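Peer 1: One structure, as structure tokens, below. Some questions next.
The values are calculated or read from the model by the stated rules, or taken from the named source; none is laboratory data. Quick caveat, the model's predicted, so the values are computed rather than measured. Using ideal geometry, Cβ is built from the backbone for each residue, glycine included, and neighbour counts are taken over all protein chains shown. The accessibility values were calculated without ligands, DNA or RNA, using every heavy atom of the protein model including side chains. Shrake-Rupley method; radii C 1.70, N 1.55, O 1.52, S 1.80 Å.
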Amino acid sequence: MTVSTMAEMIPGSAPYPRNAWYVAATVSELGPQPLHRWLLGKPVVLFRQHDGTPAALFDRCPHRGYPLSEGRVIDGAVECGYHGLRFGADGKCALIPSGGTMPAGLGVESYPVREKWEWIWIWMGDPARADPALIPNLDRFGLGRPDWHSETSVLLQIGANYLLSFENFLDASHITFLHTGQIDSGDVAGQPLEMQIDGDLIVVARRIENELQSPLTMRTFGFEGDRAHRTITAEALPPGICGIRVEVEPVEQSAVQRQVNQLVVGITPQDDTHTLQFTAVAQTFPFFNESRHDDVRNLLMEDVVAMEKIQRLREAVHPDERVEFGLLADKGAYQARRMLSAMIRNERNLTTANGD
Ligand code: FES
Ligand SMILES: [Fe+2]
């Protein structure tokens, strides 16, 4: 890895790989009408075809430039709401209501999409490389596993570069300070961490014995008392997935088993300075905490506010003042940078090799 290739992987302006599956929407968001979403620097319209399979097109009508998502879905195609041109899942124009000959090439870009678990995934890079087998294995996070309980949770938009999300999840030492009292009583930051690389997966774990827990942690797990053994494992599958697994074993209830709560986050760049976080939760025990979605939102919004402050400050200061020192706790985050940098470099090499 050369200094110059890593140098651009700076949170605030880091480029993102395009040859990857990203979460574009939750299944429940995609109803009978088109759904607009800005993804990887492009406007996208998502809709369902006749048989219910999802489709995604560039969200701009090639007639007069009206957003296709402002129209409606008719017979499994999207109908522009301005003059009624219709486009199927392949992006080709299928109907011109006002007549005349069909101009050659009248159509819009279409993107491969797949439904897997409760998420709709999109590939906005080279379509020839859109192998569905490359969609991340969610089973390893507990999502959809029959012996776990899993569901989608909140969707958050962040006014910051996507790399800030990776660095936020991969450095759990921030929870001692940014989430004071919410999910930490002050012990996490000082704990030793263990990092492992397992193929394309980054794992950073901290184990804390007999730790004073916050009311939120005990409420999430339904445990009594305020002390528990806790393991916090931050994981990342660049470029699109992060996870935080919390394993808790209460100290005062010796008959109670260790339980696991896994947060999974689909991280999708919208452009260089905006990112979506699709959250989901899987756990080894039933969902009984009625305020769980609010709890997730309130907690993650503390991260969102921090990331947006970092982004804005970075943009406001002179480039020479964007100093950054790496610390031990940044091990996972720096590994993510290396992996993302390699992905982007590979894409550029492919583009050069293809003469594009
Ligand atoms: S702008 Fe879409 S049909 Fe005219
Ligand atoms: Fe956080």
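Peer 1: Considering only segment 43-53, I want to know if a residue exists there that is crowded, with 21+ Cβ neighbours inside 10 Å and within 16 Å of ligand 1 (Cβ to nearest atom).
Peer 2: Scanning segment 43-53, I find at least one residue that is crowded, with 21+ Cβ neighbours inside 10 Å and within 16 Å of ligand 1 (Cβ to nearest atom), so the answer is yes.
Peer 1: Considering GLU252, GLU235, GLU302, which residue is closer than 18 Å to GLU211 by Cβ, touching a residue at least 12 places away in the same chain (Cβ under 8 Å) and either in the same structural domain as TYR334 (by TED's automatic domain parsing) or touching a strand residue (DSSP E or B) at 6+ places or on another chain (Cβ under 8 Å) (or both)?
Peer 2: Working: GLU235 fails: closer than 18 Å to GLU211 by Cβ; GLU302 fails: closer than 18 Å to GLU211 by Cβ.
Step by step, each of GLU252, GLU235, GLU302 is checked, and only GLU252 is closer than 18 Å to GLU211 by Cβ, touching a residue at least 12 places away in the same chain (Cβ under 8 Å) and either in the same structural domain as TYR334 (by TED's automatic domain parsing) or touching a strand residue (DSSP E or B) at 6+ places or on another chain (Cβ under 8 Å) (or both).
Peer 1: Step by step: first the residues of segment 272-290, then only those that are touching a residue at least 12 places away in the same chain (Cβ under 8 Å) and out of contact with any strand residue (DSSP E or B) (no Cβ under 6 Å at 6 or more places or on another chain), then the one that is farthest from ligand 1 (Cβ to nearest atom). Which residue is that?
Peer 2: Top of the filtered list is PHE288.
Peer 1: Follow-up. Name the strands (runs of 3 or more DSSP E) wholly within segment 1-92 that hold at least 1 residues that are more than 15 Å from TRP121 (Cβ to Cβ)?
Peer 2: So the answer is 35-39, 42-48, 54-58, 72-74, 77-79.
Peer 1: If you take the residues in segment 219-256 that are among the aliphatic types (A, V, I, L, M) and more than 15 Å from ASP187 (Cβ to Cβ), which one is most open to solvent (accessible area, probe 1.4 Å)? Reasoning before the result, please.
Peer 2: Of segment 219-256, the ones among the aliphatic types (A, V, I, L, M) are 228, 232, 234, 236-237, 241, 244, 246, 248, 251, 255-256.
So of that shortlist, the ones also more than 15 Å from ASP187 (Cβ to Cβ) come out as 234, 236-237, 241, 244, 255-256.
Numbers: ALA234: 2, ALA236: 1, LEU237: 21, ILE241: 0, ILE244: 31, ALA255: 98, VAL256: 49 Å².
Filtering segment 219-256 for residues that are among the aliphatic types (A, V, I, L, M) and more than 15 Å from ASP187 (Cβ to Cβ), the one most open to solvent (accessible area, probe 1.4 Å) comes out as ALA255.
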